[in-house]
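Computed from the coordinates by the stated procedures, all read-outs in this text should not be read as laboratory data. Source: prediction; values computed, not measured. Counting neighbours? That spans all protein chains shown, and the Cβs are built from the backbone with ideal geometry, glycine included.
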Amino acid sequence: MPLKLISGKQLFAATCAAVFALLSSACPQDFSSPDQTSEDPSTNGSWTLCADQGDFCEFTSTRSVLYRDGYRSTVKTFTNGVHCDGLSFGVSSSETATCYVSVSAASEPVAGSASTPVAVTAVATYDPQGDQSENDSAVPNATDGDETTSWSTEGYDDFQTIGKDGVGLVVDAGASRQLSQLTVTTDLPGWTAEIRAGGSTTSFPEAVGAARTTARSTTWELDGQPARYYLIWITAMAPDGDRERAHVNEVTARG
Ligand SMILES: [Ca+2]
Ligand SMILES: [Ca+2]
């Protein structure tokens, strides 16, 4: 076997594995299968320690944050701080974990981060303070892959004065999962929406993306618990001829 420098933790892991094997018992998984080893922030000047497990890692703007548990690291991108726990990073929590924040603001997803496209399907509308429907037959247009087709709200004369908090379009992530971004394209920019999440197509208890006024393409950075259904909760319309509406041409997401 070639001579190889190993760290104290690797030595501990190897010793642990040997001892536990003798005892016919299982080793803690983190020590026996280091399958997610990546950066070591303690030897890399681009990271700063920001919180221990359970504490809040505070920062402004959008940064990469590294959750380090033993020699296993998981990197995700967050905006304006994040709780340092496994839930935030999609891994199991460890009492000994620590979080590191990138020194520079993140402009692109960090190489090796978990951000990947997630297929979402528009499945329903949401009009709880109205007639419980909102151009339902056009729902498929929002995720048909065709930028020229869209789902639209109904036409309103003056949405702000009719007594509704909002109307929305529901997209299905296929299973409960944590989305990091939701992007909407529209041929009618200027309406405002926040993103909410829930376990059914009729209840969205958690706000996961702050209100934004749309451009032709608008990306919400999402921060919340895993959920299957995500609601584009439209709270202000854009002028559309002599009425007000919101159009959603396409919805895409990243995990
Ligand atoms: Ca309606
Ligand atoms: Ca479309």
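How big is the stretch 142-255 by Rg and Dmax over its Cα atoms, in Å?
Using the Cα atoms of the stretch 142-255, the pair Rg, Dmax is 13.4, 40 Å.
P(r) of the stretch 147-193 in 5 Å steps, Cα pairs, percent per bin?
P(r) over the stretch 147-193, rounded to whole percents: 4, 11, 24, 23, 17, 13, 6, 1.
Note the full-extension length gain between L49 and A236 as 0.36 nm times their separation in residues minus their Cα-Cα distance, in nm to one decimal.
The span from L49 to A236 would gain 63.3 nm if fully extended.
Among W191, S104, G174, whose Cα projects farthest towards the positive end of the dipole of the stretch 101-239, with charges put on the beta-carbon of Lys, Arg (+1) and Asp, Glu (-1)?
Farthest towards the positive end: S104.
Please sort 189-197, 216-224 by packing, taking for each peptide the average over its residues of neighbouring beta carbons within 10 angstrom, highest first.
Listed from highest to lowest mean packing, they are 189-197, 216-224.
If you take the beta carbon distance between S137 and L87 as r and set R0 to 41 Å, what does 1/(1 + (r/R0)^6) give as a FRET efficiency, to the nearest 0.05?
0.60
In debye to the nearest 20, how big a dipole does the stretch 117-254 give about its Cα centre with +1 on each Lys and Arg Cβ and -1 on each Asp and Glu Cβ?
Values: 9 positive and 21 negative charges, 112 e Å.
Here the size comes out at about 540 debye.
E206 to E95: extension gain in nm, 0.36 nm per residue of separation minus the Cα-Cα distance?
Gain in length upon complete extension: 37.3 nm.
By count of other Cβ within 10 Å, fewest leading, how are Y71, Y126 ordered? Can you show the working numbers first?
On the way: Y71 16, Y126 24.
Ascending Cβ contact count within 10 Å gives the list Y71, Y126.
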